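Scroll down for the structure; my scribbles are underneath it.
Quick note: the coordinates plus some simple rules give every number you see, no bench work behind them. Owing to the predicted nature of the structure, the values given are computational and were not obtained by experimental measurement. With ideal geometry, Cβ positions are generated from the backbone for all residues, glycine too; neighbour counts draw on all protein chains shown.
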Amino acid sequence: MYGWRHVFSLSFSIICSVVTEYDKFAEVYERHFAQEFKQRVLPVLQKILLNSLAPPAEILELCCGPGLLTQDLVERGYKLTGIDISGPMLRRARSNAPKATFLQEDVRRFQQPRVFDAAVCLFNSFAHLFSAEDLVAAFQRVNVALKRDAVFLFDLSTEYAYRTKWHGSFSMSEPDTVWILSPSYDSRERIATNHITLFEATNSSLWTRTDFDIYQCCHSEQEILAALTHTGFGAVQVFDAERDLDMVDEAGRSFFCAIRS
Ligand SMILES: C[S@@+](CC[C@H](N)C(=O)[O-])C[C@H]1O[C@@H](n2cnc3c(N)ncnc32)[C@H](O)[C@@H]1O
């Protein structure tokens, strides 16, 4: 008997080979979400990773999105390779971080000819994998892509964050774009949904409306730790973003820092 998470995982695999929901949202995502998150996550990255990783170390950035963090790290002297499944996200990334290398790949399947000094995957991106098997597949690929003792750092929202924050509605109105974001969380299925309504002005002053959902899966800490252990990562540290890392209003965002053994 397959649960919803398996159905999501399967349909996500099929959809990803054609188009991803982030394709429709790349520009708005960069302007309104990625920029702000990058500013807030950089001090965390500095503390957990960069203080002990001297440039020009090679960093693999999974689910790199529009490449804003990528460019910041390039400017600090690191060599960056970014992986993302969305073509429009990668087009923005190549323009934002021209000196980095980018590959359009699925994190569950990518292969890299060389090995990296560290890997990061930020802004809850692994929540776009919908089963423990998919997490294991991605972590296995990361393990193969890392040098021994390399750091693997990522963040994921916990059940607490989904239960307390994923409700209500948010909107933004600009001269040629209006968006409405309506998050919700199904605690039984452990699936979160961002329903997005996007209005965009076309050249002829007509507006187009697009409605779509971006789904996330709430992986339990136990499931994440088991996947890390199973794929050869050890010395795992788990930090709560607000309590341990001073990220304001981020209780329930966990940062996982593991060492490739
Ligand atoms: C929330 S965004 C985070 C982007 C970036 N890390 C940031 O901090 O702005 C999630 C990203 O994950 C990418 N993504 C989702 N599933 C993926 C997969 N299976 N393989 C590669 N990238 C994926 C999306 O295209 C999107 O760019």
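Listed values, structure above:
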read-out	value
Under Karplus coefficients 6.51, -1.76 and 1.60, residue-wise ³J(HN,Hα) of region 214-231 in Hz, glycine/proline x	10, 9, 9, 10, 8, 7, 6, 4, 4, 5, 5, 5, 5, 5, 5, 4, 4, 9
Karplus 3J(HN,Hα) series, Hz, for region 71-81 with 6.51 cos²θ - 1.76 cosθ + 1.60 (x for Gly, Pro)	5, 4, 6, 4, 5, 7, x, 8, 9, 10, 10
Formal net charge of residues neighbouring Glu75 (Cβ-Cβ distance under 15 Å; K, R +1; D, E -1)	+2
Of the trypsin sites (Lys or Arg not before Pro) in region 163-227, those whose Cβ has at most 10 other Cβ within 10 Å and which sit in DSSP loop	Arg188
Amide hydrogen neighbours beyond the local backbone of Ala150, cut-off 5 Å, H modeled	Arg260
Net +/- balance of residues flanking Phe255 in space, Cβ distance below 13 Å, scoring K and R +1, D and E -1	-3
Lys47, Lys38, Lys99 arranged by Cβ crowding within 10 Å, fewest neighbours leading	Lys99, Lys47, Lys38
In order through region 118-135: 3J(HN,Hα) via Karplus (6.51 cos²θ - 1.76 cosθ + 1.60), integer Hz, x for Gly, Pro	6, 9, 10, 8, 10, 6, 6, 5, 5, 5, 7, 9, 10, 8, 4, 5, 5, 4
Amide H within-cut-off set for Phe110, under 5 Å, with H built and near neighbours excluded	none
Dipole magnitude of the chain, debye to nearest 20 (Cβ charges: Lys/Arg +1, Asp/Glu -1, about Cα centre)	640
Cβ-based exposure ranking for Phe233, Phe199, Phe170, in which fewest neighbours within 10 Å come first	Phe170, Phe199, Phe233
Local electrostatic count at Val178 - Lys and Arg +1, Asp and Glu -1, tallied over other residues with Cβ under 12 Å	-2
Of Asp106, Asp211, Asp176, the one that fluctuates the most in a GNM where the chain has Cα springs shorter than 10 Å	Asp176
